[in-house]
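To keep things clear, I will list the structure first and then write my remarks on it.
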Ligand code: LTN
């Protein structure tokens, strides 16, 4: 793949889990070595869902610390907080003026969230994908690494590019969605559902869970019966493939095929392997002082703003405001 401008974001809503790591963060760490990358903490997106204002800033700083502990390097990529660059909101407003409501009404994530959050179906929830388009296009990103759940939002972003360019002249280019083969990690306790923090702590393994916590959670993971092919067992094997040595994974896979898989042994080994895989992450996260994280974010915001202000100056002219 030729050099791209990569943009992606994650909402600051709590500690990251294995699904976030395999789906996003792991790829970010690889992409930063070959491309021009922006990784954003989407705090303005996150206020559209019920939240505690006393905790938001801490969640933002914690997500930044987790980015850094996982190996994102501020020398190789731009890590910043959305609210530090107000141009995101400005461009979102301009996009609002060209985005048909009928397109937003089709968004399945909006419909899901509105159904979940019936007492707080706010306009921001509805407008969420327009802000996401602004995030991406402010930096003229060419590729956006996201999970399949974001496909519809990326398609809308491309539609906004076409609408804007048709109305005001060639300005933006359509970004492509970057899907890397992502093993889908399921909940430990409900392996028919994706691992998600909304299910609760016991369903997820967090990247900074201590070894005893990882072991306790995995020991409670449901496997039910079925000789190693149940959803729960398959999920443990998926995790083993990602976090154990190839030799270990291959032997569990062979046991599973032969119908001789011992869940207790798989669980013990897997817990040890996951805790070992993230040992360095835990150490780095603990060592990161808030002051240092804040300094990195300030530098990231400055760098992001340089591009964002340029884009906005051009956009204001194009739309006839200046
Ligand atoms: N909606 C995304 C987070 C997000 C994002 C973005 C991803 C906000 N802005 C721009 C890619 C590009 C999510 O919740 N996964």
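The values are calculated or read from the model by the stated rules, or taken from the named source; none is laboratory data. Since the structure is predicted, the reported quantities are computational estimates derived from the model, not experimental observations. No Cβ is skipped: glycine too gets one built from the backbone with ideal geometry, and neighbour counts run over all protein chains shown.
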> Is one or more of the residues making up segment 160-169 more than 22 Å from the chain's Cα centre (by Cα), part of a helix (DSSP H, G or I), in contact (Cβ under 8 Å) with a residue 60 or more places away in the chain and exposed (fewer than 15 other Cβ atoms within 10 Å of the Cβ)?
Replying inline: yes
> Which residue pairs have Cβ atoms closer than 8 Å, lie 6 or more positions apart in sequence or on different chains, and pair a first residue in segment 129-151 that is closer than 14 Å to residue 307 by Cα with a second residue that is within 7 Å of the ligand (Cβ to nearest atom) and assigned to a loop (DSSP other than H, G, I, E, B)?
Replying inline: 135/42
> If you take just the helices (runs of 4 or more DSSP H) that sit entirely in segment 218-299, which of them hold at least 1 residues that are loosely packed, with under 13 Cβ neighbours inside 10 Å?
Replying inline: 246-258, 263-277, 279-287
>> Among (1) more than 10 Å from the ligand (Cβ to nearest atom); (2) more than 17 Å from the chain's Cα centre (by Cα), there is one condition residue 175 misses while meeting the rest; what is its number?
In response: (1)
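Per-residue answers, yes or no, for (1) closer than 13 Å to residue 15 by Cα; (2) at pLDDT 95 or above:
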position: 175; (1), (2): no, yes
position: 182; (1), (2): no, no
position: 194; (1), (2): no, no
position: 197; (1), (2): yes, no
position: 206; (1), (2): yes, yes
position: 217; (1), (2): no, yes
position: 223; (1), (2): no, no
> Within the bounds of segment 132-144, is there any residue that is farther than 30 Å from residue 291 by Cβ, surrounded by fewer than 17 Cβ atoms within 10 Å (Cβ to Cβ) and over 17 Å from the mean Cα position of the chain (by Cα)?
Replying inline: yes
>> I'd like the full set of residues that are away from the ligand (no atom under 12 Å from the Cβ), assigned to a helix (DSSP H, G or I) and in contact with a strand residue (DSSP E or B) (Cβ under 9 Å, 6 or more places away or on another chain), limited to segment 28-54.
In response: 31
> Identify, please: which residue in segment 1-27 is closer than 21 Å to residue 149 by Cα and assigned to a loop (DSSP other than H, G, I, E, B) and is, among those, nearest to the ligand (Cβ to nearest atom)?
Replying inline: 11
> Within segment 208-217, can you find the residues that are under 19 Å from residue 242 (Cβ atoms) and either outside any loop (DSSP other than H, G, I, E, B) or in contact with a strand residue (DSSP E or B) (Cβ under 7 Å, 6 or more places away or on another chain) (or both)?
Replying inline: 211, 213, 214, 215, 217
> Restricting segment 124-159 to residues that are within 11 Å of the ligand (Cβ to nearest atom) and in a loop (DSSP other than H, G, I, E, B), which is modelled with the lowest pLDDT?
Replying inline: 147
